[in-house]
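Working notes for the structure below.
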Amino acid sequence: MLQIKDTLVSLDLIERWFECDLEACLGACCIEGDEGAPVTAEESERISAHLDDVKCLMTPGGLKEVESNGVDYLDREGDRVTALVNGCECAFTCREPGGLCLCALEKARRAGMVDDNIKPISCRLYPVRVKEYDGFTAVNLHRWKICRPAEKKGRINGVRAYQFLKEPLIARFGSEWYDELAFTAEEYLRQKEEKEGMS
C-alpha cells in the first residue's frame, strides 16, 4: 500500500496493466454481480431528476424496476446501491448490437441528452473500489475474470490502471491528489525495476 494524503492506495492500482476492452468483455461489469453499484444520495437525486432524459435508452425491464422501486436500494450491508433487474443486471444498462452492454447514463451524457455527468463515481472508477474507514480511505483495485481482457490490452499498450483511470480518480480525489499519486507511482515503479535488474 502507498499513502497518498489521507488515502491508502493498493499497489495493484500502480503495478497492474489495465485498459478497458469493450469488444472483448462486452461490458459484462454492468450485468454481472449480486449487488448494485455504490451510489450517494446526491447521485441518486441527480439520476432521478434526469430520468425522463435517459429512459428512452433503458431496457423495458430496467425502466420498470426504476419506476416501480426507485433508482437505488439498500444492500445487505445497508449501503445505497443502484437498482438491479433480476438481482444482477444494473437497471441503467442499455443494449447494443452484438450483445454489447453500455451505461444509459453515460450514453445520454455523450449524446448531449444531459449536461451533467450523472453516472455514479463508483461506476466511473471501476475496477477501483473505494472504502471509507475511520481516519483514512482505502483505494483498491478489484480483479476478476471479466477484466482479464483489459489487463491484456493494458499490457500491450503500456497503460497502468492508475493511468487509465486518471479522469475519474481526479473527479473523486482532485488533481493535486492524482499528481501526487502519479509521481509516487513513477518513483515506485522506477525503484522496483532497478531492484529487479540487480537481482
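Placing +1 on the Cβ of every Lys and Arg and -1 on the Cβ of every Asp and Glu, with nothing else charged, gives segment 1-75 a dipole about its Cα centre of roughly 100 debye. Phi angles of segment 59-68 translate, via the Karplus equation with coefficients 6.51, -1.76, 1.60 and θ = phi - 60°, into HN-Hα couplings of 6, x, x, x, 5, 4, 4, 5, 5, 7 Hz per residue; Gly and Pro are given as x. With 0.36 nm allotted per residue and the present C-alpha distance subtracted, the Asn140-Ala49 stretch has 29.7 nm of extension available. Along the axis of the charge dipole computed for the chain (Cβ charges of +1 for Lys and Arg, -1 for Asp and Glu, origin at the Cα centre), the listed residues Ala150, Val9, Cys88 are led at the positive end by Ala150.
Taking Cα centre as origin and charging only the Cβ of basic (Lys, Arg, +1) and acidic (Asp, Glu, -1) residues, the dipole magnitude of the chain rounds to 640 debye. Extending 7 Å from the Cα toward the beta-carbon at both Phe183 and Tyr133 defines two label points whose distance is 2.5 nm.
Between Glu187, Glu132, Glu77, the GNM of the chain built on Cα springs shorter than 10 angstrom shows Glu77 fluctuating the most.
No lab work stands behind these numbers, since they all come straight from the coordinates. Please read these numbers as outputs of a predicted model, since none were measured by experiment. Note that we place each Cβ from the backbone using ideal geometry, even for glycine, and neighbour counts take in every protein chain shown.
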